[in-house]
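Okay, structure first, notes after.
We did not get these values from a lab; they are worked out from the coordinates using the rules stated. Computed from a predicted model, the values in this text were never measured in an experiment. Positions of Cβ are generated from backbone atoms using ideal geometry, with glycine treated the same way; all protein chains shown enter the neighbour counts.
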Amino acid sequence: MRNSKHAIPIIQSFHLFGITLLLTSVVILNFRMLGIGLRQIPLEVLAKHVWRWATAGLLLAVTSGFFVFLPDPARYAANKSFVTKMSILAVAVLFQYTIYRKVVGAESSVFEPHRRILVPLVSLTLWFSVGWAGRAIAFLG
Amino acid sequence: MLLLDISILLACHAIQHTTWATAFRQADLFFPLVEGAHILSLSVSVGLILMLDFRLLGLGFQSEPVWRIMDQIMPWAIPGFTMMFLTGILLFLAQAESVYTNSYFRVKMLMLLLLGVNAVVFQFKYYPSLAEWDKVEAVPTGARVVAVVSLAFWMVVIACGRLMAYEL
């Protein structure tokens, strides 16, 4: 794969398709929770549809990312931005599929308003940090 | 045509070698920041359009009328695309000559042009009668074709954006 001229760029494109699906879903759900967008669509409806796209996007990004990593593991392991990205990614996935999922699935009255604000802000920060750290791999090392 | 091509190339060459374009290219944080912003803007621009395409194809949000999806995503898609274009123009200016001669960049621009035409077709041919086909089964075949074209071409745009970096 290292020697193929096209393999990595093509896998990288799929990585971006996954990121687009995942981040768009994250943005939509969090904007809705914060009350700054898509207010006319009930949170339950958005959560039901968007969650599937988020999971599909995450799976695509992780799978393609694994194949970008595979031909060159030592170089990536030595890259500070890569290590940072993987660490934040682990926290983001854990957060998304535990606390976040619980808050999104709950009736609006169950959780205090500050959790409705804090939880989406944490989610947005985590996922966009993963994205920034990913972009830094190539430039900052 | 050849003359036009050479004139643009010369202009791009001049832009790339201005002191400010050189300063952009050489600044450590220019590419990670501007390219990062360009890529992450996908989530508030192209990604939102893909959600509308999914709805038109009956792949999601079936319980919501199409007009409501459009109504709800457009206030975010417009600033999102503005961010996308502004960061894209900056990236272009910093390396105008190398980008202009890049074949993936050319395919990307052609696709964007076709996506523009596709959006105009939707706006004028299908949008005016939107209220009549709000239910999933009622989406006209033409509007579904618009959605498929949008999905496919945006994927090519994203891929070309990624691929062109390997040729710069």
Residues of the stretch A:29-43 satisfying the condition of being within 7 Å of chain B (Cβ to nearest Cβ) and surrounded by fewer than 13 Cβ atoms within 10 Å (Cβ to Cβ):
A:GLN40
Determine whether B:ALA96 is touching a Phe, Trp or Tyr at 6+ places or on another chain (Cβ under 9 Å) and not polar (S, T, N, Q).
no
Can you tell me which of B:TRP20, B:TRP67 is within 25 Å of B:PRO128 (Cβ to Cβ) and either at the interface with chain A (Cβ under 7 Å from one of its Cβ atoms) or exposed (fewer than 14 other Cβ atoms within 10 Å of the Cβ) (or both)?
B:TRP67
Inspect all residues belonging to the stretch B:89-98 and state whether any of them is at the interface with chain A (Cβ under 10 Å from one of its Cβ atoms) and assigned to a helix (DSSP H, G or I).
no
Could you figure out which of (1) in contact (Cβ under 8 Å) with a residue 12 or more places away in the chain; (2) crowded, with 21+ Cβ neighbours inside 10 Å isn't true of A:LEU59?
(2)
Under the condition of being touching a Pro at 6+ places or on another chain (Cβ under 7 Å) and either buried (at least 16 other Cβ atoms within 10 Å of the Cβ) or more than 14 Å from every other protein chain (Cβ to nearest Cβ) (or both), which residue from the stretch B:135-168 is nearest to B:SER103 (Cα to Cα)?
B:LEU163
